[in-house]
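J.: Following this message is one structure expressed as structure tokens.
Nothing in this text is a laboratory measurement; each read-out follows from the coordinates by a stated rule. Being a predicted model, the structure only gives us computed values, none of them experimental. Virtual Cβ from ideal backbone geometry, glycine too; neighbours counted across all protein chains shown.
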Amino acid sequence: MDERLANLLRLVVEEYVSTAEPVGSQALVERYKLDVSPATIRNWFAELDALGLLTQPHTSGGRVPTEEGYKQYVAANVLPRPAGKRVRERLKNAAATDDLKSVARELAELSGLATIVAQQESDTYYTGLSQLFGQTEFRDWRQVVLITELLDHLDHTLSRLRRHGISAPQILLGKDSPFGPASGMVIASTPYGLVGIVGPLRMDYQDAFSNLLSALEALE
């Protein structure tokens, strides 16, 4: 994929993550002061559509990323960098309690998403559901039911992850996420057990990844 399409995909993903609204050509040109016309952007949209990276929910509306679009965005743009100083301090203070659940609660609050931990096969914990269900996607009650059912069987859900041998931080989204194709997660293994941040497919993967890396650093 050439640079112009890669840049456009990045803008669409970041705009959609921010607004939860389909992204239109006129809005992109105006917001980012692009030096091309909305008609040109629409032509480029069509190219990204053909590649399976964007889709148009409504005939006359803007675009949203597909699962493959998110994957390409993550591969090209999400970097292994720590969170800012304030976040690192909060996570360091939570980790000082030697309680992984305290770190999970802090991660949930910082990310505005849910956090899960698994210290042993039968010792699992999750927090931040009110924040997760406050996301736009969970206005659809069917998504709430799906996530809730998987959390009710969290031991089984996490045992499947363990079989995959989670060690280094990983981003799992769409069909790769154990919480369903409408979700994304960032997960890693710590000396205390697994820790993961769970959100909708439309989540800020860089923010979640940086927060998790900083949590791992705090737990060392």
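J.: What residues have an amide H closer than 5 Å to that of THR55, excluding those fewer than 5 places away on the same chain, when H is modeled at 1.01 Å from N in the peptide plane?
T.: VAL64, THR66
J.: Arrange SER189, SER183, SER159, SER37 by Cβ neighbour counts within 10 Å, fewest through most, would you?
T.: SER37, SER159, SER189, SER183
J.: How would you order 83-91, 204-212 from highest to lowest mean count of nearby Cβ atoms within 10 Å?
T.: Taking the mean over residues of other Cβ atoms within 10 Å, the ranking is 204-212, 83-91.
J.: Please rank SER122, SER102, fewest neighbouring Cβ atoms within 10 Å first, as an exposure proxy.
T.: The fewest-first ordering by Cβ neighbours comes to SER122, SER102.
J.: While we're on this one: Report the GluC sites (Glu not before Pro) located in segment 121-216 that are in a DSSP loop and have at most 16 other Cβ atoms inside 10 Å of their Cβ, or state none.
T.: On the way: sites: GLU121, GLU137, GLU149; in loops: GLU121.
When the GluC sites (Glu not before Pro) of segment 121-216 are filtered for loop state and at most 16 Cβ neighbours within 10 Å, GLU121 remain.
J.: In what sequence do TRP44, TRP141 fall when counting other Cβ within 10 Å, fewest first? Present the calculation step by step, with values, prior to reporting the outcome.
T.: Numbers: TRP44 19, TRP141 8.
Exposure proxy ranking, most exposed first: TRP141, TRP44.
J.: What's the extension gain from SER102 to GLN119 if we count 0.36 nm per residue and subtract their Cα-Cα distance?
T.: Additional length available on full extension: 4.8 nm.
J.: So I have (i) 16.5, 59; (ii) 18.3, 57; (iii) 17.5, 52, and one of them is Rg and Dmax of the Cα atoms in Å calculated from this model. Which one is it?
T.: (ii)
J.: On to the next question. Hey, what did the chain get for relative contact order, percent, Cα under 8 Å, at least 6 apart? Intermediate values should be presented prior to the final figure.
T.: Working: 329 pairs, mean separation 44.0, N = 220.
Result for the chain is 20 percent.
J.: Assuming R0 = 35 Å, what is the FRET efficiency of GLU217 and ARG31, from their Cβ-Cβ distance, to the nearest 0.05? Don't skip to the end; give the middle numbers.
T.: Working: r = 34 Å, r/R0 = 0.98.
According to the calculation, E is roughly 0.55.
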